[in-house]
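The values are calculated or read from the model by the stated rules, or taken from the named source; none is laboratory data. A quick note: this is a predicted structure, and the numbers were derived from the prediction, not measured. Positions of Cβ are backbone-derived with ideal geometry, glycine not excepted, and every protein chain shown enters the neighbour counts.
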Amino acid sequence: MSDSLHTSQSDVWTEWLFHRRHADDPVYHQAVQARVNKYADHVLDAAHLAPSMTLADIGSGEGLVAFRAIERIGPSLKLILTDISAPMLSHAEKSAIQRGVRSQCRFLECPAENLKEIADASVDIITTRAVLAYVQNKTAALCEFHRILKPGGRISIAEPIFQDEAFAARALKHAVDTQTPQTHDRFLILLHRWKASQFPDNEEQMTKNPLTNYSERDLLRFTQNSGFTEIHMELHIDVFPSPIISWITFLNNSPHPWAPSLNSVMGAQFSSEEQQFFEQILRPAIEAPSVTTDRIAYLTAKKPLS
Ligand SMILES: C[S@@+](CC[C@H](N)C(=O)[O-])C[C@H]1O[C@@H](n2cnc3c(N)ncnc32)[C@H](O)[C@@H]1O
């Protein structure tokens, strides 16, 4: 995989990053891109990159962090881009060729938990953004990061914290389960059906799901347990006006690659009458000004010198 990548198929990762994350809405796409650029820049600011370093970007996706790192440091930076998705790596490789930086990049198809093609103590900096959220065993990935880093090397990570979405789904489940004939609320039942298809709505599923099996404090603990020192964690919570104002965009986007869109949930799990009823109530709220919340944990840490 390291020399050349030929696949151009799509998978759940490319389908989401290139289409469903912004529901193919060019205006919303711009808003999403501005936010992820901001996250990537924060990760790079904290990475302390310098000329001639080797940077491994784990779960590199389309190369968002990696290519911004090259823009900052220039041709002396050596990059290792890893991902579990062959189509994603293929896309990133094509971008590297277009940008004239292919010779600086090595592409590896492997999970974050097993970076065996990367030698021990061979990397100066590791970045990763929105990747550990999809990794079941986050400590295993962090131990691999520790193994491939040179002594004194650093990690700079940004991960979304999704537990509140699961708590909200769990609260909806409780409200639905405890309804009485007097308090019966059809909208609540449908709202729960939709939310529970995107996030776990009970403790057992929350623990099993990599998206919700951690808080920012767990990330800090996993990092410490993996042998890192000088750990710094910042939780950024931003509440801001929702950039989605089109009902069609709202229907067709989804909050993460494993989540179905509301459109597909309604198609699969709602009767036509339920679809009409749900839209009648929800649509005005989406088309009116509303707010959305982002929770991102930024973490940096160092591999001890000895
Ligand atoms: C939300 S995207 C983020 C991509 C990129 N880091 C960015 O900032 O745009 C998640 C990426 O993680 C990759 N991924 C998912 N599970 C992974 C794993 N276990 N090991 C490595 N990469 C993984 C996916 O293929 C996808 O490219």
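Key figures
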| read-out | value |
| --- | --- |
| Filter result (more than 16 Å from the ligand (Cβ to nearest atom) and either within 20 Å of ALA130 (Cα to Cα) or crowded, with 18+ Cβ neighbours inside 10 Å (or both)) within segment 244-260 | ILE244, THR249, PHE250, LEU251, ASN252, PRO260 |
| Restricting segment 106-119 to residues that are outside any loop (DSSP other than H, G, I, E, B) and of a type outside the set (D, E, K, R), the residue that is surrounded by the most Cβ atoms within 10 Å (Cβ to Cβ) | PHE107 |
| Test: HIS29 is of a type outside the set (Val, Ile, Thr), more than 11 Å from the ligand (Cβ to nearest atom) and either crowded, with 17+ Cβ neighbours inside 10 Å or modelled with pLDDT of 95 or more (or both) | yes |
| Candidates LEU235, LEU219 - the one that is within 16 Å of the ligand (Cβ to nearest atom) and either in the same structural domain as HIS42 (by TED's automatic domain parsing) or within 19 Å of the chain's Cα centre (by Cα) (or both) | LEU219 |
| Residues of segment 60-105 satisfying the condition of being outside any helix (DSSP H, G or I), closer than 21 Å to LEU132 by Cα and more than 9 Å from the ligand (Cβ to nearest atom) | LEU79, ILE80, LEU81 |
| Subset of segment 180-237 [closer than 21 Å to ILE125 by Cα and of a type in the set (S, T, N, Q)] | THR223, GLN224, ASN225, SER226, THR229 |
| Qualifying residues in segment 106-133 (those that are within 13 Å of the ligand (Cβ to nearest atom) and hydroxyl-bearing (Ser, Thr, Tyr)) - the one nearest to PRO257 (Cα to Cα) | THR128 |
| Test for ALA301: is it loosely packed, with under 15 Cβ neighbours inside 10 Å and of a type in the set (A, V, I, L, M) | no |
| Residues of segment 254-289 satisfying the condition of being assigned to a loop (DSSP other than H, G, I, E, B) and either out of contact with any Ser or Thr (no Cβ under 6 Å at 6 or more places or on another chain) or in the same structural domain as SER156 (by TED's automatic domain parsing) (or both) | PRO255, HIS256, PRO257, TRP258, ALA259, PHE270, SER271, ALA288, PRO289 |
| Residue in segment 130-140 that is buried (at least 22 other Cβ atoms within 10 Å of the Cβ), among the polar types (S, T, N, Q), within 21 Å of LEU299 (Cβ to Cβ) and in contact with a Phe, Trp or Tyr (Cβ under 9 Å, 6 or more places away or on another chain) present | no |
